[in-house]
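The values are calculated or read from the model by the stated rules, or taken from the named source; none is laboratory data. Since the model is a prediction, treat every value here as computed from it, not as a measurement. Note that each Cβ is placed from the backbone with ideal geometry, even for glycine, and that neighbours are counted across all protein chains shown. Heads up: the accessible areas ignore ligands, DNA and RNA and are worked out on the full protein's heavy atoms, side chains in. Shrake-Rupley method; radii C 1.70, N 1.55, O 1.52, S 1.80 Å.
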Amino acid sequence: MKFLILSFLLIVSCKENMAKATDTKAVISSPVENNNSASTQNLSGEWIYQKKQANADVPEEQFTLTIIQEGNSIKAQYCAIANSGGKIDCESEQNYNITGSIKNDKIVGEFFSFFGAPSDKGKFEISLINDKIHWKVIKAPKGTFYAPDDCVLAKKEENGSAAKSISSSGNEAVNLLPLDYKDLENQNKIKFTNHPEDWLQKAFMDKFDLTADTSAKILSKDGYDLYIVNNVGGDSELIYLVSAKGNTMLNGINVADSNGDSETTKTFSIDAKNTVYIFNETGGRRSLIEKYVFNLGKFEKK
């Protein structure tokens, strides 16, 4: 029996599943940079992704994973909802449709859709991103399925709500400078919101053709705001600095890129005088490639 779960929970970013019906081609993608190891964490519990407009009563998409981990092995059951409840890939009875094991600090395994046969399996991987998990379909199962291809999920708390991050993205005065790329993993230094404001999401998509998955305001000065915006849905993790005045985005520059499997990553630092340094970093050694000064909403190249 299929069922619809209606709830108001944390929204985290996800790419829509484009491999529906009889699409059986593999979905190939590179690993996302991990901040934790799956081999040292127990992922048992319920995890959730939800896409819902601010003024909507029901989510456009929702994906939940109920995971049981025993040692290096997991079993799980998903519930995937699309088209605001018009498409439901769920099972009301307990029926684990996901099995996997830990390999190379990720969970890899197979899954099947509740629209298909258990033998028509696809392949997936799960990696850790701080306190969230990154679900990625590596090979689609045969037939119809509505699980997302690429999705970041947050763990549900005991009261049924998703874990939330306190953000520095409201209208309050903020100054987190100086700031370094390494500080992004320090939640005492900077805390991201998992659902950037609608105006920022739309402007970021219009300018860069990318989703704004997480954001944090890091500076308010002279009536202008400076945000860090993170995109984690592609082959690498991309980080941008974005300037805004009120709810209008003015400009933006790419300051970090994990480059998939490359040993060289793009990193950055910002000093207390609003100077932005962008580096190529290999093995902990940095080489300066660009420098900007943030002034009155503009990034002035030096």
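Every condition in (1) among the hydrophobic types (A, V, I, L, M, F, W, C); (2) more than 19 Å from the chain's Cα centre (by Cα); (3) open to solvent by less than 10 Å² (accessible area, probe 1.4 Å) is met by residue 212 except one, and the failing one is (2). When residue 180 is tested against the conditions (1) under 17 Å from residue 276 (Cα atoms); (2) buried (at least 21 other Cβ atoms within 10 Å of the Cβ); (3) not aromatic (Phe, Trp, Tyr), the lone failure is (2). Looking only at segment 253-302, count how many residues are among the polar types (S, T, N, Q) and out of contact with any strand residue (DSSP E or B) (no Cβ under 7 Å at 6 or more places or on another chain). Total satisfying the criteria: 2. Can you tell me which residues in segment 65-88 are farther than 19 Å from residue 118 by Cα and touching an Asp or Glu at 6+ places or on another chain (Cβ under 6 Å)? Hits for segment 65-88 are 82, 84.
Picking from 249, 205, which residue would you name as being free of Cβ contacts under 8 Å to residues at least 24 places away in the same chain and over 20 Å from residue 132 (Cβ atoms)? Walk me through it before giving the result.
Details: 249 fails: free of Cβ contacts under 8 Å to residues at least 24 places away in the same chain.
The conditions single out 205.
Can you name every residue in segment 270-288 that is assigned to a strand (DSSP E or B) and either under 27 Å from the mean Cα position of the chain (by Cα) or of a type in the set (Asp, Glu) (or both)? Answer for segment 270-288, where residues must be assigned to a strand (DSSP E or B) and either under 27 Å from the mean Cα position of the chain (by Cα) or of a type in the set (Asp, Glu) (or both): 270, 276, 277, 278, 279, 280, 281, 282, 286.
Among residues belonging to segment 258-277 that are more than 23 Å from residue 222 (Cβ to Cβ) and out of contact with any Ser or Thr (no Cβ under 7 Å at 6 or more places or on another chain), point out the one that is modelled with the lowest pLDDT. Before you say what the answer is, go through the steps one by one.
First, the residues of segment 258-277 that are more than 23 Å from residue 222 (Cβ to Cβ): 258-267.
When the remaining residues are screened for being out of contact with any Ser or Thr (no Cβ under 7 Å at 6 or more places or on another chain), the result is 262, 266-267.
Values: 262: 75, 266: 93, 267: 93.
Top of the filtered list is 262.
At pLDDT below 95 and under 25 Å from residue 284 (Cα atoms): does that describe residue 215? The answer is no for residue 215. Here is the figure for segment 54-96: residues that are in contact with a helix residue (DSSP H, G or I) (Cβ under 8 Å, 6 or more places away or on another chain), free of Cβ contacts under 8 Å to residues at least 40 places away in the same chain and either open to solvent by 60 Å² or more (accessible area, probe 1.4 Å) or under 18 Å from residue 144 (Cα atoms) (or both) total 1. Tell me yes or no: at least one residue of segment 116-133 is over 29 Å from residue 184 (Cα atoms), of a type in the set (Asp, Glu) and in contact with a strand residue (DSSP E or B) (Cβ under 8 Å, 6 or more places away or on another chain). No: segment 116-133 contains no residue that is over 29 Å from residue 184 (Cα atoms), of a type in the set (Asp, Glu) and in contact with a strand residue (DSSP E or B) (Cβ under 8 Å, 6 or more places away or on another chain). Among the residues making up segment 191-204, a single one is surrounded by fewer than 18 Cβ atoms within 10 Å (Cβ to Cβ) and at pLDDT below 85: 191.
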